Amino acid sequence: MTETAKTEPAREATTGIWLRRMVSLSLYHLLFVVVVGTLPLTLVLAGLGDLAARRRGALTRTLLFFALYLGCEVLGIWLAFGIWLTRGLWMGARDPRYLALNFRLQCAWARWLRRGAFTLYGMTLEVEGDEVFATGPVLVMARHSSVADTVLPVMLAGERHGLVLRWVLKRELLWDPCLDIVGHRLDNCFVSRMPEEGSADVARVAALMDDLGPGEGVMIYPEGTRFSAQKRRALLDKATKRGDETLRARVARFQHVLPPRLGGASALLARGTDLVFLAHVGLEGSATFWDLARGGLIGQPVRVKAWRIPAREVPAEPEARIAFLHDQWAKVDAFVGGEVGV
């Protein structure tokens, strides 16, 4: 990667990275102690709430999953510290063996959460096309519908095929200590939602493609935020008020996804590598904590479809590339619509 991308953690250190970690590490450890320590009482209360609301144990399952999540965070924090103490100090931050250990920890963290969620909520998983992750370099563009769908690329690319993904993530996720610590050790880019920082973020996102090897890929959620019907309506209203017919047409074309944002996605697309599109349905019930508590994931079948397009089939002309991206994104929309019966 270029120096622009590599020096991002150093710049963040001058703007409070250690203060943030002091707060987040303390908070997560405190929450873990409180939640696990009070489980005998809170499980009884959750069970009574489930009986009253007749929600098939939704509160109980969610409480147990929250405890599992906190446990994964605390364990991940200490394992990350152990990797740094026993390897990072003498191997160096860019040593391949040190990076490999952090990658394995990332995969394990996602695996613990996925297995726990699927067991607690009685979910099933069907995947079509995961062989497209067998080799890199590749650019992955995935639908974003919930807080849970981040585990899918880790499972398909990382666990099953050993493909190391460089992620584009929103900066707010730095308050998750495991994502903060391990995410900064690996080649990832945390971007701001502030418009004035957009151009700098686009440059750093594009730099993720530098020196991309056969065992690597770049992962982005081109919508830039989780989909919801409310967000789609808000975008349509915004386009109408501005008289922006181009934006309105782009939003109106899709029913189950938001149109791709053309900043980071376009910059990555222009770098000329194979593309993988990742469509999925079934995780919408975890868009928020309250969706989980209402039983949105109980018994849900999760269906995933991925397809790969060789770099030679991606148009070279910028406007044609944008049209191509929207055409492929329409296939994601159609898959979701077909699965939900709309």
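The values are calculated or read from the model by the stated rules, or taken from the named source; none is laboratory data. From a predicted model like this one, the values you see are computed outputs, not experimental measurements. Heads up, the Cβs are rebuilt from the backbone with ideal geometry, glycines too, and the neighbour counts pull from every protein chain shown. Side chains included, ligands, DNA and RNA excluded: accessible areas come from the protein's heavy atoms. Shrake-Rupley method; radii C 1.70, N 1.55, O 1.52, S 1.80 Å.
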> Restricting attention to the range 56-73, and to residues there that are surrounded by fewer than 21 Cβ atoms within 10 Å (Cβ to Cβ) and among the small types (Gly, Ala, Ser), which single residue is nearest to Ala108 (Cα to Cα)?
Replying inline: Gly71
> Within the range 179-193, is even one residue within 22 Å of Pro259 (Cβ to Cβ), of a type in the set (S, T, N, Q) and open to solvent by less than 40 Å² (accessible area, probe 1.4 Å)?
Replying inline: yes
>> Please pick out the residue among Val314, Val276 that is open to solvent by 20 Å² or more (accessible area, probe 1.4 Å), in contact (Cβ under 8 Å) with a residue 12 or more places away in the chain and among the β-branched types (Val, Ile, Thr).
In response: Val314
>> If I ask for residues that are more than 25 Å from Ile77 (Cβ to Cβ), modelled with pLDDT of 95 or more and not in a helix (DSSP H, G or I), which ones from the range 1-55 would you list?
In response: none
> Would the range 74-91 turn up any residue that is in contact (Cβ under 8 Å) with a residue 24 or more places away in the chain, under 21 Å from Phe118 (Cα atoms) and crowded, with 17+ Cβ neighbours inside 10 Å?
Replying inline: yes
>> If Val218 satisfies all but one of (1) aliphatic (A, V, I, L, M); (2) open to solvent by 10 Å² or more (accessible area, probe 1.4 Å); (3) not in a loop (DSSP other than H, G, I, E, B), what's the number of the condition it fails?
In response: (2)
> Quick one: would you say Leu165 is in contact with a Phe, Trp or Tyr (Cβ under 6 Å, 6 or more places away or on another chain) and open to solvent by less than 20 Å² (accessible area, probe 1.4 Å)?
Replying inline: no
